[in-house]
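Just so it is clear, none of the values below were taken in a lab; they were calculated from the coordinates. For clarity, every value in this text was computed on a predicted model and none was experimentally measured. Quick reminder, even Gly has a Cβ in these numbers, built from the backbone with ideal geometry, and neighbours come from all protein chains shown.
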């Protein structure tokens with residue numbers, strides 16, 4: 001189900017993710033009625049990004065944009081934006097780095113523990129892995145994550161994991 005609309009890029013002053021576009025209620029309702037939560041969004045014909053509908057008080061539905069998406073699209077607050085939305089049919093709601101995909105095939109215990117995490121935690125971890133351009137760094141980060149899960153019986157402790165990222169994985 002693909003939909004398009006035109007809107008203005010705006011900024012909340014009181015938000016962790018301030019940059020956004022408001023979604024017309026009829027379009028949001030179309031997806032909500034179909035129980036579609038994860039979406040792929042394209043702004044002004046630029047690169048497609050995995051995203052979700054968010055809510056702000058007063059019935060406002062919106063889609064957030066990060067600084068990278070704004071920079072890539074040459075977007076700024078006040079710009080008129082053509083928004084194209086489609087259902088995200090990917091397994092995780094974000095791309096999975098090929099390095100992590102391969103490690104999950106090789107590490108059965110890590111794969112089981114990884115898939116026991118909530119969908120939101122999985123997306124956060126994949127986002128972390130995907131943030132690196134270097135394949136070596138994506139491999140190292142993936143290994144650290146799986147080793148952390150195995151060492152902690154599948155429990156994700158963000159503070160401990162961040163410390164493990166600082167130390168890294170030494171072969």
Going by alpha carbons, how many degrees (0 to 90, nearest 10) lie between the helix axis of 135-151 and the longest principal axis of the chain?
-> 70
Least to most buried among 70, 1, 100, 160, by other C-beta atoms within 10 Å and fewest first, runs 1, 160, 70, 100
Relative contact order for segment 1-58, counting Cα pairs under 8 Å that sit 6 or more residues apart, in percent | 20
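Quick check on segment 5-89: take the gyration tensor over C-alpha atoms, sort the square-rooted eigenvalues as a ≥ b ≥ c, and tell me if it's rounded (a/c under 1.5), prolate or oblate.
oblate
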Could you state the number of Å between the C-alpha centres of segment 1-70 and segment 115-154?
-> 26
Relative to the longest principal axis of the C-alpha atoms of the chain, give the angle of the C-alpha long axis of helix 158-167, reported between 0 and 90° and rounded to the nearest 10°.
-> 60
Angle between the chain longest axis and helix 119-130 axis [Cα atoms, degrees, rounded to 10] | 80
Given Cα pairs under 8 Å that are at least 6 residues apart, what percent is the relative contact order of segment 86-154?
-> 43
What value, in deg cm²/dmol to 500, does the helix sum -39500 (n - 2.57) over DSSP H runs of n ≥ 4 give at 222 nm once divided by the residues of the chain?
-> -12500 deg cm²/dmol
What does a probe at residue 2 reach in segment 72-102, counting residues whose amide N is under 11 Å from the point 7 Å along Cα→Cβ?
-> 84-87
How long are the semi-axes of the ellipsoid equivalent to the chain, from square roots of 5 times the Cα gyration tensor eigenvalues, in whole Å, largest first?
-> 33, 17, 15
Can you sort 90, 134 so the residue with the fewest Cβ neighbours within 10 Å comes first?
-> 134, 90
Taking Cα atoms only, Rg over Rh for segment 98-167 with Rh from the Kirkwood formula is 0.92
The residues 81, 94, 41, 112, sorted from fewest to most surrounding Cβ atoms within 10 Å, come out as 112, 81, 94, 41
